[in-house]
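The numbers here are math on the coordinates, done by the rules we state, and not lab data. All of these numbers come straight from a predicted model, not from anything done at the bench. FYI the Cβ positions are ideal-geometry reconstructions off the backbone, even for glycines, and counts take in every protein chain you see.
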Amino acid sequence: MSDRRPIIGGNWKMNTTLAGARDLAQAVVQAIGQDGARQADVVLFPPFVSLAGVAGTLGDGPVALGAQDVYHESDGAFTGEISCAMLADCGCGYVLTGHSERRHVIGESDDLVGLKTRAAIASGLHVILCVGELLEEREAGQTDAVNERQLRAALAGLGPDAAPRLTIAYEPVWAIGTGKTATPADAQAAHARIRQVLGELMGDAASTSIRIQYGGSVKPANAAELFGQPDIDGGLIGGASLKAEDFASIVRAACSDPARPR
Ligand code: 13P
């Protein structure tokens, strides 16, 4: 039984205009209601250019704001990049690092994800570090090895004091946007091994407290079974987070697990 508070993220990826993002944020707040926000951490990840606008919509309410990426340098000649301080200034408390689309579409290396992860944690942001294997890696039996390599590269040098500002998202790449979901048992096995690696890197207390989200085609129909697994502490949601009602229903699935705190 876990007493970790569930955490649900809505990663909007490269979708929404500014007006659409504000409308969606407002609709999410309404659909979730006070109850959902009390029982889980809920974070929205709009595109960079909508962050300040969505921050205005969310105000001081219970739904938090995060960015989909960040650069590790604090300022200077890095055309197109955004610093940790700029995100905080926009009202962000969270940031994603190492999302599979950054790794595999944009070409970010394990080392770059590590630089970003450490810089964001040092700046006081809460990092959701994404890890996960490609289909060919899964078929070659390398799921745990890939997750472990990505975790070790991203978390090198971080101690247990970083744990309160860290969440892991396990997102098998073959399950993202494909409609294919890992079975709850397969996802649980990967999460349990991730938690073991966190223990080796940061100590037992940290590994028990750090939340591990599952991501990859989570929908209202499959969320409860996934979130019912002992090492799955919520989800990072792509497509279904663009529909306020679907996203709210996924948040409710995380809250209705009887093992969760109220
Ligand atoms: P989907 O929910 O669309 O599969 O996306 C998952 C994801 O990549 C969230 O970061």
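Among helices (runs of 4 or more DSSP H) lying entirely in segment 105-176, which contain 2 or more residues that are under 16 Å from the mean Cα position of the chain (by Cα)?
Qualifying helices (runs of 4 or more DSSP H): 110-123, 143-155.
Quick one: residue 221 ticks every box in (1) buried (at least 20 other Cβ atoms within 10 Å of the Cβ); (2) within 16 Å of the ligand (Cβ to nearest atom); (3) farther than 24 Å from residue 118 by Cβ except a single one, so which number is it?
Of the numbered conditions (1) buried (at least 20 other Cβ atoms within 10 Å of the Cβ); (2) within 16 Å of the ligand (Cβ to nearest atom); (3) farther than 24 Å from residue 118 by Cβ, the odd one out for residue 221 is (1).
If residue 180 passes every condition in (1) part of a loop (DSSP other than H, G, I, E, B); (2) under 15 Å from the mean Cα position of the chain (by Cα); (3) within 11 Å of the ligand (Cβ to nearest atom) but one, which one does it miss?
The one condition residue 180 does not meet is (2).
Pairs please, first residue from segment 204-218 and more than 10 Å from the ligand (Cβ to nearest atom), second anywhere and in a helix (DSSP H, G or I) and polar (S, T, N, Q), Cβ atoms under 9 Å, 6+ apart in sequence or on different chains.
207/196
Does segment 33-42 include one or more residues that are surrounded by fewer than 18 Cβ atoms within 10 Å (Cβ to Cβ) and assigned to a loop (DSSP other than H, G, I, E, B)?
No, the conditions are met nowhere in segment 33-42.
Filter segment 193-226 down to the residues that are in contact with a strand residue (DSSP E or B) (Cβ under 9 Å, 6 or more places away or on another chain) and in a helix (DSSP H, G or I) and list them by number.
Listed by number, the residues that qualify are 194, 195, 198, 202, 206, 223, 226.
Count, please, the residues in segment 59-104 that happen to be aromatic (Phe, Trp, Tyr) and outside any loop (DSSP other than H, G, I, E, B).
Pass one, segment 59-104, residues aromatic (Phe, Trp, Tyr): 71, 78, 94.
Filter once more, so that each one left must be outside any loop (DSSP other than H, G, I, E, B): 94.
Number satisfying all stated conditions: 1.
Which residues, counting only those in segment 55-86, are aliphatic (A, V, I, L, M) and either within 16 Å of the ligand (Cβ to nearest atom) or under 18 Å from the mean Cα position of the chain (by Cα) (or both)?
Selection gives 63, 64, 65, 67, 70.
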